[in-house]
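**Q** Encoded as structure tokens, here's the structure I'll be asking about.
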Amino acid sequence: STTITWTFDDGNGNSINVDQTYNYDDTTAPVPDAMTLPDATGECSATITGSAPTATDNCGGTITGTTTDALTSSTQGTTTVTWIFDDGNGNTSTQTQDIVVDDNIDPICSTQDITVQLDGTGNATITANEIDSGSSDNCGVASIAVSPNTFTSADIGANVVTFTVTDINGNVSMCNATVTVEDITLDIDDDKIEIFSISPNPFRDNIVIKVPAKLSGDTFNIVIYDLNGRRVFNEVKGVNNNEINLNGLSRLEIAPYIIRITNTISNSVFSSRLIKY
């Protein structure tokens, strides 16, 4: 309130004072300038950007909103931010703005075919990482899985497996891959095992496969596998002076390998372990 004093003077030295009190009280809250505030949207996260919203007050003019809420959210669904307009006279008003995060994009499922050998007990196991060939997701991959992941002698040959990719927001993609199961005990004659020799083994760069004279006109498909069943070398080679030369193997990592030699005419197979040093 404010008090004003009025003085009445008759000009003869007589006067009187009268007080008049003005009472005023701002009870009007600020009014937001925008009817509604736009949603901030995103797939993995979203952020409210730009200037803070404003409101107009009958006494204070333009007032900028403030908030204690986070302006960024990575939570799937709707998160509400509350803006507060305070005119400094005890009057406030609020306005809300939504952050909407909605990831509805399925992961990218990418696989590769592999070959595995049964172990001495006639079993083989694979992992999802061996099948994966760079699967990805816009927000992030949570897990990968493959089914089936175990094989026995009943599965020798090509087997179709299902690879599943799940992202961090529950979206799922599935695709297939082929797992070729091979028996390490190959159906070949004993004399054929004896007549193949590989040297040097362990090797560093080149290896020489000795081939009997009676097979000198044949060609052979040479495949080298790592212990995860991935093909790291695959060529069809002819015989020269009873030998097959494999060169340029220095690019292989230092590790054990399996070499598989298949006669392209008779389809007989020889398999042996190699060690790269």
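**Q** For region 213-243 and region 1-80, what is the separation of their Cα centres, given in Å?
**A** Here the two parts' Cα centres lie 85 Å apart.
**Q** Which aspartates and glutamates, on any chain, are close to residue 214 with Cα under 13 Å apart, when same-chain ones fewer than 8 places away are left out?
**A** 191, 243
**Q** Here's another thing I want to ask about it. Nearest 5 percent is fine: what portion of the DSSP beta bridges confined to the chain is antiparallel?
**A** 90 percent
**Q** Please find the FRET efficiency linking residue 175 to residue 142, where r is the Cβ-Cβ separation and R0 is fixed at 22 Å, and quote it to the nearest 0.05.
**A** For R0 = 22 Å, the calculated efficiency reads 0.85.
**Q** Next question, about the same structure. For the chain, what does the helix formula give at 222 nm: sum of -39500 (n - 2.57) over DSSP H segments with n ≥ 4, over the residue count, nearest 500 deg cm²/dmol?
**A** Per the formula, -500 deg cm²/dmol.
**Q** Expressed as a whole percentage, what fraction of the accessible surface of the chain belongs to carbon and sulfur atoms when a 1.4 Å probe is rolled over the protein heavy atoms?
**A** Looking at the chain in its full context, I get 47 percent from C and S.
**Q** I've got another one for you. Is there a quick way to get the dipole size of region 125-251? I mean about its Cα centre, with the Cβ of Lys and Arg at +1 and of Asp and Glu at -1; what is the value in debye to the nearest 20?
**A** It comes to approximately 400 debye.
**Q** According to the Kirkwood expression over distinct Cα-Cα pairs, how big is the hydrodynamic radius of the chain, in Å?
**A** Evaluated on the chain, it is 26.4 Å.
**Q** Who wins for biggest fluctuation among 179, 116, 18 in a Gaussian network model of the chain, springs between alpha carbons below 10 Å?
**A** Highest fluctuation among the options: 18.
**Q** Moving on. Please work out how much length the chain gains when fully extended from residue 234 to residue 152, using 0.36 nm per residue of separation minus the C-alpha to C-alpha distance, in nm with one decimal.
**A** My answer for the length gained is 27.0 nm.
**Q** Could you identify which residue out of 59, 139, 109 has the top mean-square fluctuation in a GNM of the chain using Cα springs shorter than 10 Å?
**A** Sorting by GNM fluctuation, first place goes to 59.
**Q** Measure off 7 Å from each Cα along the Cα-to-Cβ vector at residue 68 and residue 49, then give the distance between these two points in nanometres to one decimal.
**A** 2.9 nm
**Q** Another one. Given 0.36 nm per residue, what is the gain on full extension from residue 7 to residue 266 after removing their alpha carbon distance, in nm?
**A** Computed gain between residue 7 and residue 266 is 80.2 nm.
**Q** Which residues in region 49-81 place their backbone N less than 20 Å from a point set 7 Å from the Cα of residue 25 along the Cα-to-Cβ direction?
**A** 58-60
**Q** I've got another one for you. Using the Cα atoms of region 134-277 to build a convex hull, what is its mean projected area in square nanometres?
**A** Mean orientational projected area (region 134-277, Cα hull): 10.7 nm².
**Q** What is the distance, in nm, between label points placed 7 Å from the Cα along the Cα-to-Cβ direction at residue 82 and at residue 253?
**A** 5.5 nm
**Q** Which distance in nm do the two modelled labels at residue 119 and residue 218 give, with both placed 7 Å along the Cα-to-Cβ direction?
**A** Spacing of the two 7 Å Cα→Cβ label points: 3.2 nm.
**Q** Could you check which residue among 22, 225, 257 shows the biggest mean-square fluctuation in a GNM of the chain with a 10 Å Cα cutoff?
**A** 22
The values are calculated or read from the model by the stated rules, or taken from the named source; none is laboratory data. Being a predicted model, the structure only gives us computed values, none of them experimental. Glycine gets a Cβ as well: all are built from the backbone with ideal geometry, and neighbour counts include every protein chain shown. Please note that ligands, DNA and RNA were not included when accessible areas were found on the heavy atoms of the full protein model with its side chains. Shrake-Rupley method; radii C 1.70, N 1.55, O 1.52, S 1.80 Å.
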